[in-house]
Each structure stands twice: as structure tokens, then as C-alpha cells.
Amino acid sequence: TGGPLDMGDIEEISGRLCIRCPWHRYVIALDNGEGLFVNEGRVKSKGLKQRVHAVKIEENTIWVKLSQSDEEIPSDYYQSEEYRAIMASAGISIQVPVLKKS
């Protein structure tokens, strides 16, 4: 966990668009952030693992509505100050994207 999903491959698994983590090969459903386990052609849920946000494209503009859920999701840890401090102590810099609000 904590791999760069922006560098992952998007695949269709059992009719669902998913992203596969390039580091750990974990599979996350893009529609709801559910972790999926694929074994011998069978797909099983590992539960909600990744926060997802609504995306809308209008002409040349991409709008992202950030999740308003207060529910803690495992992926939230990788955006925490604690995680950044641990990585910094190991000499690894975490880049956090800046989103414009309108």
C-alpha cells in the first residue's frame, strides 16, 4: 500500500474498470475504491481501500469534487503527516498535489 496509483495500469476486471498498483499489484475498482482480490479467475472483495472522488469533464475543464465522507479509509494514511514524516526520515520525499478550488 502507498504505491503511486497515478502510474498504475487501468484494466477491466469482471466488467469493472480497475487500477493495478505498479508496486504491489493490488487491484482497486475505480468506481468505488473497493480492493479486489483476483485468484484463478474469481474476484473477491477486500472491502473499501481507496478514497474516490467524483470527476466531471466540461469542454476543456476537468472538475473534481473531493469526497466529503468522514469515514476513515485505509488509503487516507498515505496522505497523513505521520506517513510523510516516516518517509522523510527514510530520505523519501512525498509530493502532494495542490488542487485549485473554485
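The values are calculated or read from the model by the stated rules, or taken from the named source; none is laboratory data. Keep in mind it's a predicted model, so treat the numbers as computed, not measured. Ideal geometry is used to build each Cβ from the backbone, glycine not excepted, and the neighbour counts take in all protein chains shown. Keep in mind that these areas ignore ligands, DNA and RNA; they rest on the heavy atoms of the full protein, side chains included. Shrake-Rupley method; radii C 1.70, N 1.55, O 1.52, S 1.80 Å.
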Practice prompt. Kindly write out, for the range 5-11 in residue order, the coupling ³J(HN,Hα) from the Karplus curve 6.51 cos²θ - 1.76 cosθ + 1.60 (θ = phi - 60°), rounded to whole Hz, with x marking Gly and Pro.
Written response: 4, 5, 9, x, 8, 8, 9
Worksheet item: Using Cα pairs under 8 angstrom and six or more residues apart, how large is the relative contact order of the chain, in percent?
Response: 14
Discussion item. Just the number please: accessible area per residue for the chain, 1.4 Å probe, all protein chains included, in Å².
Written reply: 79
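To the nearest µm²/s, what D does Stokes-Einstein give for the chain at 4 °C and 1.567 mPa s, using the Kirkwood radius over alpha carbon pairs as Rh?
Working: Rh = 15.4 Å.
Result for D is 84 µm²/s.
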Worksheet, complete the sentence: Which of Ala90, Ala54, Ala29 fluctuates most in a GNM of the chain (C-alpha springs under 10 Å)? That residue is Ala90
Practice prompt. Keeping all protein chains in position, work out how much accessible area Ser14 exposes to a 1.4 Å probe, and write it in Å² to the nearest 10.
Written response: 90
Fill in: Residue-level accessible surface for Arg51, protein heavy atoms, 1.4 Å, Å²
40
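What number, in percent, do you get for the relative contact order of the range 21-63 if the mean sequence gap of Cα pairs under 8 Å and at least 6 apart is divided by its residue count? Intermediate values should be presented prior to the final figure.
On the way: 52 pairs, mean separation 11.8, N = 43.
The normalised contact order for the range 21-63 reaches 27 percent.
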Practice prompt. For the range 74-90, just list the computed ³J(HN,Hα) in residue order, Karplus coefficients 6.51, -1.76 and 1.60, θ = phi - 60°, integers in Hz, with x standing in for Gly and Pro.
Written response: x, 5, 4, 4, 6, 10, 8, 4, 4, 5, 4, 5, 4, 5, 4, 5, 8
Worksheet entry | Ser75, Ser67, ranked by accessible area, largest first (probe 1.4 Å) | Ser67, Ser75
Fill in: the range 4-102, dipole about Cα centre (Lys/Arg Cβ +1, Asp/Glu Cβ -1), debye to the nearest 20
80
Discussion item. Heavy atoms of the protein only, probe of 1.4 Å, neighbouring chains included. What is the accessible area of Tyr26 in Å², nearest 10?
Written reply: 90
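Sum up the lysine pairs in the chain that clear both bars: alpha-carbon distance under 18 Å and a spacing of 8 or more or different chains. Kindly include the intermediate steps, with their values, before the conclusion.
On the way: Lys56/Lys65; Lys56/Lys100; Lys56/Lys101; Lys65/Lys100; Lys65/Lys101.
Count of close lysine pairs: 5.
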Fill in: Helix-only [θ]222 nm of the chain, DSSP H runs n ≥ 4, -39500 (n - 2.57) each, per residue, nearest 500
-2500 deg cm²/dmol
Discussion item. I want to verify a result. In a Gaussian network model of the chain, Cα cutoff 10 Å, which of these has the top mean-square fluctuation: Ile57, Ile19, Ile73?
Written reply: Ile57
